[in-house]
Amino acid sequence: MRFAARLMWFALGGGWTACLWLVGAAIFGRVPGGEPLSRAAIEMAGLSISPFGRDAVHIRDLGGQDTPTTPARRALGLMLGTLWMLTFGMLLSAAYLVLGALCCLTVRGLPLGRQCFKLAGIAPWPVGQRVISTDLATVPRQQAAVERFARARLRQTGREMGRTATRTGSPMKTNS
């Protein structure tokens, strides 16, 4: 069954979308500063060929840190990322959305449609995504969610303490 699903995926668009990823990688690989986009596109082409059992996770969620860069390098990265999004990112995202809608027309195509929609979300901005097994992807996502929840809770507690202090006056009383 798995082989049949993978073969159906490849025939219904996985191979073509992987070719689009590779064309984008080849073009952006020749542009100065486009190496991160090219690397991400090659990695996403592999995910596009065989998405079952694998998922893309941002490098920050894996515990890695973004490499320190200069403001000029950051501006170049933002410019190239925007150029990617306006060219190949939107094209790939639209292709995955159309393929996903077509796949979801049948019950057998629902898992394929789900993979299309997953890839449609990654296509506009693939830089920083790493492809790992789905089992391994749940742990860093849960840890990142716990950390975000803790930060939000701290901010909320700080706001509540600030409101309490303004309602009661000065938080410190002095004996006169």
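The C-beta contact set for region 128-150 (first residue among the small types (Gly, Ala, Ser), second residue part of a helix (DSSP H, G or I) and surrounded by 12 or more Cβ atoms within 10 Å (Cβ to Cβ), distance under 9 angstrom, 6+ apart or interchain) comprises GLY128/PRO36; GLY128/ALA40. Among the numbered conditions (1) modelled with pLDDT of 80 or more; (2) out of contact with any strand residue (DSSP E or B) (no Cβ under 9 Å at 6 or more places or on another chain), the only one that THR134 does not meet is (2). Checked against the criterion of being touching a residue at least 24 places away in the same chain (Cβ under 8 Å), under 30 Å from TRP9 (Cα atoms) and of a type in the set (Val, Ile, Thr), region 69-82 has no qualifying residue. Picking from residues in region 28-39 that are in a helix (DSSP H, G or I) and free of Cβ contacts under 8 Å to residues at least 40 places away in the same chain, the one that is surrounded by the most Cβ atoms within 10 Å (Cβ to Cβ) is SER38. Here region 107-149 is the region considered, the condition is being in a loop (DSSP other than H, G, I, E, B) and of a type outside the set (D, E, K, R), and the residue that is surrounded by the most Cβ atoms within 10 Å (Cβ to Cβ) is PRO126. GLY89 fulfils the conditions (1) out of contact with any Gly (no Cβ under 9 Å at 6 or more places or on another chain); (2) crowded, with 16+ Cβ neighbours inside 10 Å; (3) in a helix (DSSP H, G or I) except for a single criterion, (1). For region 99-106, does any single residue satisfy the condition of being within 27 Å of VAL23 (Cβ to Cβ), touching a helix residue (DSSP H, G or I) at 6+ places or on another chain (Cβ under 9 Å), buried (at least 17 other Cβ atoms within 10 Å of the Cβ) and of a type in the set (A, V, I, L, M)? Within region 99-106, one or more residues are within 27 Å of VAL23 (Cβ to Cβ), touching a helix residue (DSSP H, G or I) at 6+ places or on another chain (Cβ under 9 Å), buried (at least 17 other Cβ atoms within 10 Å of the Cβ) and of a type in the set (A, V, I, L, M).
Within the group TRP84, TRP9, which residue is assigned to a helix (DSSP H, G or I) and within 18 Å of CYS116 (Cβ to Cβ)? Before the answer, list the steps.
On the way: TRP84 fails: within 18 Å of CYS116 (Cβ to Cβ).
That would be TRP9, the only listed residue that is assigned to a helix (DSSP H, G or I) and within 18 Å of CYS116 (Cβ to Cβ).
The values are calculated or read from the model by the stated rules, or taken from the named source; none is laboratory data. Note that the coordinates shown come from a computational prediction; the quantities given were computed from them, not determined experimentally. No Cβ is skipped: glycine too gets one built from the backbone with ideal geometry, and neighbour counts run over all protein chains shown.
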